[in-house]
Amino acid sequence: MHRDEILGVYDDWYASTYEERFTYGLPWTDSLTAYQVDVIRELLPAGGRWLDVACGLGGHLSHFPDVERAGLDLSPSMLASAREANPGATFFEGSYMDPRPEWEGQWDLVTNLWIGYQYVESTREVEHLLANLASWVSPSGSFMIHVIDCEDVARGIDLPWEDPETPVFADSLFITGVLWSWRESNGRVHRDLLAPQLQRMVNLIARHFEDIEVRRWPAIEPGADRPKAVIGHKKRATPLTEDEVGITYPYRLTFPPRDHPLEHGFDVDEAALAAERAVVAAAELAEAEARRTTDRLEVEANAAREGQRAAEEALRVAASEASVAAAHWDAERDDLRRVAEAAEARAEHVEGSIEGALRSPTDVLTGRLVRELIRRANPKDGRLWIALRRRVAKVLPGRR
């Protein structure tokens with residue numbers, strides 16, 4: 001519902017007639033309120049500060065006149081009545097969706113009673129709302145929200161419902177919540193209230209609290225449904241992501257003590273309790289196995305990344321060494337080319353000198369220049385030696 005729709009329902013007439021229509025003569029409201037008061041007293045530390053979100057007429061707050069307490073509500077009509085019932089409390093008009101940085105970590109107990117969270121537009125808004133409320137809880141504080149599970153609304157449907165063979169989607173289809181509307185006898189309509197499935201609510205709250213308790217409240221009459229609340233203890237310093245929480249975050253399931261006066265001697269449905277505990281245990285095992293698999297895959301991924309880094313480093317070193325070797329052989333080739341060119345030039349020079357000096361056999365045998373050339377000629381210098389022998393053969397046929 002939008003803001004204007006909500007204010008259109010919760011107007012002055014609604015506030016003035018609420019107690020007559022929903023409190024007086026209805027034992028289930030009295031019993032639930034009484035038990036909720038007991039739970040609030042259990043959760044609120046001595047000297048602690050309490051904020052009730054969507055507080056309505058402030059009925060719960062009125063049971064704690066000596067506690068530092070406050071209420072937040074969107075309806076000015078409801079707040080006017082709440083102020084009259086709680087002269088020592090502080091009240092704020094506004095939406096629980098709005099950020100309030102000044103409240104962060106300031107309240108030892110934050111509650112949202114009588115399903116006020118269902119007036120949001122989507123599950124994502126429920127997620128935002130819960131994150132908002134959790135941020136207002138002190139580091140050692142607690143959080144409690146009254147939950148109407150979609151299983152309580154959609155009678156006969158076991159939720160979350162999964163269709164693993166639906167032809168529309170490639171994977172499984174899950175239904176994790178329903179919308180429901182409430183038309184009062186006077187014609188007023190609470191339209192499209194959002195009821196996420198219990199496990200979904202647990203998962204969202206577990207992003208902000210380590211210890212999650214699902215408290216089953218007293219039954220209205222034998223065989224009737226037991227309302228429930230999700231309670232968060234041990235606030236996380238840093239909220240978890242949705243993937244870190246997983247699909248089935250484990251929770252503790254608790255009931256009122258058997259000797260509690262509001263139990264009226266009702267017996268706990270032990271079979272249902274055992275079945276619910278078995279589901280929770282199976283979820284815990286599945287979560288543990290998923291975490292072990294995730295840890296193993298993370299180790300394997302880290303090893304693969306290390307191997308890749310080592311291979312890349314080896315390739316880099318090999319490329320560097322190959323570059324150095326190539327540069328070395330280029331230098332050696334240039335040196336050999338220069339030596340060869342110098343030897344060829346020297347051979348041509350000597351050859352020219354011999355050709356000019358060898359004018360007669362006498363010169364060959366006695367010429368000082370020729371003797372010097374012969375003395376200098378080195379048999380290892382192939383070109384010079386061959387050139388000299390060729391010239392001597394021309395002037396001295398038959399001599400070697």
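The values are calculated or read from the model by the stated rules, or taken from the named source; none is laboratory data. Treat the numbers as computed from the prediction; the structure is a model and nothing was measured. Cβ: placed from backbone, ideal geometry, glycine included. Neighbour counts: every protein chain shown. Accessible surface areas use protein heavy atoms only, side chains included; no ligands, DNA or RNA. Shrake-Rupley method; radii C 1.70, N 1.55, O 1.52, S 1.80 Å.
Worth a mention:
- Restricting attention to the stretch 34-54, the residues being part of a strand (DSSP E or B) and of a type outside the set (K, R) number 4.
- Matching residues, the stretch 51-68, being open to solvent by 60 Å² or more (accessible area, probe 1.4 Å) and out of contact with any helix residue (DSSP H, G or I) (no Cβ under 8 Å at 6 or more places or on another chain): P65, D66, E68
- Qualifying residue in the stretch 263-277 (condition: buried (at least 17 other Cβ atoms within 10 Å of the Cβ), at pLDDT 75 or above and out of contact with any Gly (no Cβ under 7 Å at 6 or more places or on another chain)): no
- Test set (1) of a type outside the set (S, T, N, Q); (2) open to solvent by 60 Å² or more (accessible area, probe 1.4 Å); (3) without any contact (Cβ under 8 Å) to a residue 60 or more places away in the chain - W114 fails condition number: (3)
Residue-wise test of (1) modelled with pLDDT under 95; (2) open to solvent by less than 30 Å² (accessible area, probe 1.4 Å); (3) more than 33 Å from the chain's Cα centre (by Cα).
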{"residue": "L7", "(1), (2), (3)": "yes, no, yes"}
{"residue": "A15", "(1), (2), (3)": "yes, yes, yes"}
{"residue": "E20", "(1), (2), (3)": "yes, no, yes"}
{"residue": "R49", "(1), (2), (3)": "no, no, no"}
{"residue": "A70", "(1), (2), (3)": "no, yes, yes"}
{"residue": "L79", "(1), (2), (3)": "no, yes, yes"}
{"residue": "P87", "(1), (2), (3)": "yes, no, yes"}
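- Restricting attention to the stretch 89-103 and to residues that are under 13 Å from R49 (Cβ atoms) and over 34 Å from the mean Cα position of the chain (by Cα), the residue that is least open to solvent (accessible area, probe 1.4 Å) turns out to be A89.
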